[in-house]
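Novice: First the structure, then my questions, so here it is.
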Amino acid sequence: MTVSVLPASPSAFAKATWDDVAPYFDELAARPLDPSSIESWLLAWSTLEELVTEAAARAMIAYTIDTGDPDKEADHLRFSTEVLPRMEERSVELARRLVESGYSTPNLSTTLARFRTQIEIFRDENVPIFAELEEHSARYQRITGSITVEWDGVERPLPQLQPFLKSSDRAVRERAFRASTRPYLDRRDELSALFDKMYQLRMRAARNAGFANFRDYIFPAKFRFDYTPADCERFHDAVERAVAPAVERVLESRRQRLGLKVLRPWDLAVDPYRPRTLRPFANATEFVGTAQRVFDRVDPSLGREFQTMIDEGLLDLESRKGKAPGGYCETLHFHGRPFIFMNAVGLVDDVMTLLHEAGHAFHAFAAHEQPLIWQRHPGSEAAELASMSMELLAAPHLTQPVGYFAPEDAESAWLEHLEDVLLSLVHIASVDAFQTWIYTSGQGGDADARDAEWLRLRSRFERGVDWSGLEQERVARWYRQLHIFLYPFYYIEYGIAQIGALQIWRNSLDDPKRAVARYRDALALGAVRGLPEIYRTAGARLTFDADAIGELVLLVEREIGRVRAKLSSGEGLQSPERRVANGS
Ligand SMILES: [Zn+2]
């Protein structure tokens with residue numbers, strides 16, 4: 001069969017099975033390679049992968065928008081369990097041809113390093129293992145996606161309980177906390193049995209590839225060339241020393257402000273200055289339109305890119321029953337477009353999530369300038385640098401009339417974000433240390449030992465909250481952390497990226513235009529440079545150092561102090577009616 005001509009669009013592969021795709025790989029595998037033909041061969045291979053991954057991405061998007069539709073689930077599963085794993089197998093074969101040809105260019109050196117590693121750790125017997133893992137992942141999505149809670153007589157998906165977690169009425173907050181934790185407690189045995197299977201499969205895959213455990217496998221598998229497991233442990237220590245005490249101070253101030261004896265887990269989301277739920281937008285149109293103006297202020301070219309997403313229907317943002325939980329930004333590689341998925345319910349968190357996902361989207365636009373698919377995605381550390389920096393760079397533009405908030409609400413949203421930065425670093429250290437323990441301790445296959453270790457790590461990193469009598473609820477948190485199930489070891493990246501993002505933000509305090517320009521230069525590098533150079537280009541340093549992290553934490557704490565002082569001094573302006581309405 002001759003298949004020298006590729007389909008003109010990914011839609012040709014929408015219903016494809018592996019048998020429809022395989023002939024194109026056969027042809028690429030058989031085509032003679034010589035110096036004069038290698039570039040067109042590379043381009044054909046890259047285009048084929050663009051077409052198939054975009055078809056797979058579109059199937060995944062359709063499924064997560066409507067998890068109850070069996071046809072969409074079947075399409076998504078066919079790609080994720082059949083087509084993509086087999087394509088990866090054939091890609092390794094083509095990568096081997098490329099590596100053996102000796103062909104190289106400066107902008108291909110990072111790609112070749114990844115290919116070499118991929119070849120080294122690839123094992124035929126792991127292909128069905130990863131396919132089976134995908135099926136278990138889909139099951140996790142199904143279980144968690146179908147969770148609804150009855151709240152005041154209405155069946156609601158979990159994200160819709162979030163406003164009640166921020167209620168100024170402590171009893172409502174507690175009820176919302178317990179209601180959103182309960183479904184995970186009820187499914188604990190089911191989810192831990194599912195995780196047992198995933199654990200066993202991952203450990204087997206690692207051993208098949210010649211590694212002692214899955215942690216040692218994941219470093220090369222995730223192309224972590226620029227840092228080591230020891231660096232991650234330095235990061236945990238740095239968080240324990242520099243961040244955990246800062247979080248404790250932040251929470252102590254929150255406790256005093258709320259006038260409580262102790263902080264319970266349901267006291268963490270309420271705004272202690274303006275204890276009412278901010279509603280930054282009323283509907284998706286307003287949500288999106290305001291975002292467009294904000295990005296336009298950060299940089300007009302980012303505003304134009306976001307407008308393209310609006311015009312081309314590349315956003316699905318509102319929470320609806322049947323949607324998978326969470327949010328993501330997926331790249332459609334053939335068309336060079338990103339797609340953003342969210343479960344927005346009208347809260348400040350939704351604004352922050354959209355800023356985050358839009359950072360990924362801007363990365364996809366910028367990196368698409370790179371000609372080959374492998375030259376675009378630099379790994380999650382740089383990807384999250386793009387998204388987390390956008391959360392900070394957009395912050396000065398969130399005030400009306402451009403942005404979402406009245407001036408004092410903008411300050412309290414900013415305060416919440418800064419506190420979240422510190423709290424999330426603590427969570428990141430917990431999740432990374434937990435996964436490290438799971439895959440290296442020898443006890444990761446024991447459900448009770450896992451829960452006990454999670455509690456131990458939570459007490460190590462997370463201070464200032466009284467969890468007494470709520471051990472099971474505290475345990476439930478890790479079952480909700482979908483990365484641990486679906487994307488193992490994907491978490492420290494958020495920490496590495498946050499440390500970079502804080503440096504970019506620090507630069508922006510001196511010169512916002514230059515900070516954004518350097519940020520965009522870094523995104524445009526795609527995957528053609530290593531992490532340290534991407535960070536340098538962005539104006540930051542890749543670091544796990546407790547002193548460097550401590551300096552940034554100090555800067556954040558100072559800014560928190562400044563915002564708090566401003567919010568406190570503005571209190572005289574509050575009308576008496578509002579005080580009554582707030583219940584304060
Ligand atoms: Zn992200």
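The values are calculated or read from the model by the stated rules, or taken from the named source; none is laboratory data. Remember, predicted model here, so these are calculated numbers, not experimental data. In this analysis, Cβ positions are derived from the backbone assuming ideal geometry, glycine residues included, and neighbour counts consider all displayed protein chains. Please note that ligands, DNA and RNA were not included when accessible areas were found on the heavy atoms of the full protein model with its side chains. Shrake-Rupley method; radii C 1.70, N 1.55, O 1.52, S 1.80 Å.
Novice: Can you give the relative contact order of the chain as a percent, counting alpha carbon pairs under 8 Å and 6+ residues apart?
Specialist: Working: 774 pairs, mean separation 106.7, N = 584.
Relative contact order for the chain comes out at 18 percent.
Novice: Give the average over all directions of the projected area of the C-alpha convex hull of the stretch 101-155, one decimal, in nm².
Specialist: Result: 7.1 nm².
Novice: Read phi for every residue in the stretch 387-401 and hand back ³J(HN,Hα) as whole Hz from Karplus 6.51 cos²θ - 1.76 cosθ + 1.60, θ = phi - 60°, with x for Gly and Pro.
Specialist: 6, 6, 5, 5, 4, 7, 5, 7, 3, x, 10, 8, 7, 5, x
Novice: Report the full-extension gain for the segment R116 to R170: residue separation times 0.36 nm, less the Cα-Cα distance, to one decimal in nm. Walk me through the numbers on the way to the answer.
Specialist: Working: separation 54, 0.36 × 54 = 19.44 nm, distance 5.59 nm.
Taking 0.36 nm per residue and subtracting the Cα distance, the gain is 13.9 nm.
Novice: S468 to T105: FRET efficiency via 1/(1 + (r/R0)^6), r the Cβ-Cβ distance, R0 45 Å, to the nearest 0.05? Numbers along the way, then the final one.
Specialist: On the way: r = 61 Å, r/R0 = 1.35.
Efficiency at R0 = 45 Å is approximately 0.15.
Novice: Say R0 is 56 Å: what FRET efficiency, to the nearest 0.05, do V92 and S569 get from their beta-carbon distance?
Specialist: On the way: r = 62 Å, r/R0 = 1.10.
Efficiency, rounded to the nearest 0.05: 0.35.
Novice: Which percent of the accessible area of the stretch 444-584 is formed by carbon and sulfur heavy atoms (probe 1.4 angstrom)?
Specialist: On the way: 3030 of 6140 Å².
Summing carbon and sulfur atoms, their accessible area is 49 percent of the total for the stretch 444-584.
Novice: Report, in whole Å, the centroid distance computed from the Cα atoms of the stretch 20-74 and the stretch 215-229.
Specialist: That distance is 26 Å.
Novice: Work out how far the C-alpha atoms of the stretch 453-535 reach from end to end along every principal axis, then list the three figures in whole Å, largest first.
Specialist: Result, largest extent first: 51, 30, 17 Å.
Novice: Could I ask something else about it? Under 17 Å from a point placed 7 Å out from the Cα of I310 along the Cα-to-Cβ direction: which residues of the stretch 260-297 have their backbone N that close?
Specialist: Residues 281-297 qualify, since their backbone N sits under 17 Å from the label point.
Novice: Between D448 and A282, what is the label-to-label distance in nm when each label sits 7 Å out along the Cα-to-Cβ direction?
Specialist: 5.6
Novice: Under a crude label model (7 Å from the Cα following the beta-carbon direction), how far is S146 from F225 in nanometres?
Specialist: Distance between the two pseudo-spin positions: 4.4 nm.
Novice: Give me the Debye-computed log₁₀ of I(q)/I(0) at q = 0.09, 0.11 Å⁻¹ for the chain, equal point scatterers on Cα only, no solvent, two decimals.
Specialist: Ignoring solvent entirely, the Cα scatterers give -0.72, -1.11.
Novice: Same structure again: When all alpha-carbon pairs of the stretch 343-419 are counted, what percent fall beyond 17 Å? Can you show the working numbers first?
Specialist: Details: 1472 of 2926 pairs.
Distances greater than 17 Å cover 50 percent of the Cα pairs.
Novice: If the limit is 26 Å between Cα atoms, which of K166/K323; K15/K323; K222/K323 go over it?
Specialist: On the way: K166/K323 23 Å; K15/K323 22 Å; K222/K323 28 Å.
Correct reply: K222/K323.
Novice: Go ahead and collect, in residue order, the members of the stretch 463-494 whose backbone nitrogen is under 15 Å from a label point 7 Å along the Cα-Cβ direction of L260.
Specialist: The answer is 463-470, 474.
Novice: In addition: For the stretch 319-367, what class follows from the C-alpha gyration tensor (a ≥ b ≥ c being the square roots of its eigenvalues): rounded when a/c is under 1.5, otherwise prolate if a/b is larger than b/c, else oblate?
Specialist: On the way: a/c = 3.81, a/b = 1.61, b/c = 2.36.
Note, shape of the stretch 319-367 comes out oblate.
Novice: Taking R0 as 51 Å, what's the FRET efficiency between E39 and K321 from their Cβ-Cβ distance, rounded to 0.05? Walk me through the intermediate numbers first.
Specialist: Working: r = 49 Å, r/R0 = 0.97.
My answer for the efficiency is 0.55.
Novice: Using Cα-Cα distances under 8 Å and only pairs 6 or more residues apart, what relative contact order does the stretch 344-413 have, in percent?
Specialist: Relative contact order, the stretch 344-413: 30 percent.
Novice: Please give the Cα centre distance for the stretch 115-145 versus the stretch 422-477, rounded to the nearest Å.
Specialist: 25
Novice: Using heavy-atom solvent-accessible surface (probe 1.4 Å) with all chains present, what is the largest-first order of H368, H335? Don't skip to the end; give the middle numbers.
Specialist: Numbers: H368 55, H335 85 Å².
Largest accessible area first, the list is H335, H368.
Novice: Once you have a ≥ b ≥ c as the square roots of the Cα gyration tensor eigenvalues for the stretch 286-354, tell me rounded if a/c is under 1.5, and otherwise prolate or oblate according to whether a/b is larger than b/c. If you can, show how the numbers build up before the last one.
Specialist: Working: a/c = 2.19, a/b = 1.21, b/c = 1.81.
Oblate is the answer for the stretch 286-354, as a/c is 1.5 or above yet b/c matches or exceeds a/b.
Novice: Quick one: with all protein chains in place, what share of the accessible area of the stretch 216-296 is carbon or sulfur, to the nearest percent (1.4 Å probe)?
Specialist: Values: 1660 of 3460 Å².
Its accessible area is 48 percent carbon and sulfur atoms.
Novice: Which whole-number percent is the relative contact order of the stretch 331-375 (Cα, under 8 Å, 6+ apart)? If you can, show how the numbers build up before the last one.
Specialist: On the way: 27 pairs, mean separation 19.9, N = 45.
Across the stretch 331-375, relative contact order equals 44 percent.
Novice: How much of F362 can a 1.4 Å solvent probe reach, expressed as accessible area in Å² and rounded to 10?
Specialist: The accessible area comes out at roughly 0 Å².
Novice: Send over a whole-number figure in Å² for the accessible area per residue of the chain, probe 1.4 Å. Don't jump to the answer; show the numbers that get you there.
Specialist: Details: 23640 Å² over 584 residues.
That works out to 40 Å² for each residue.
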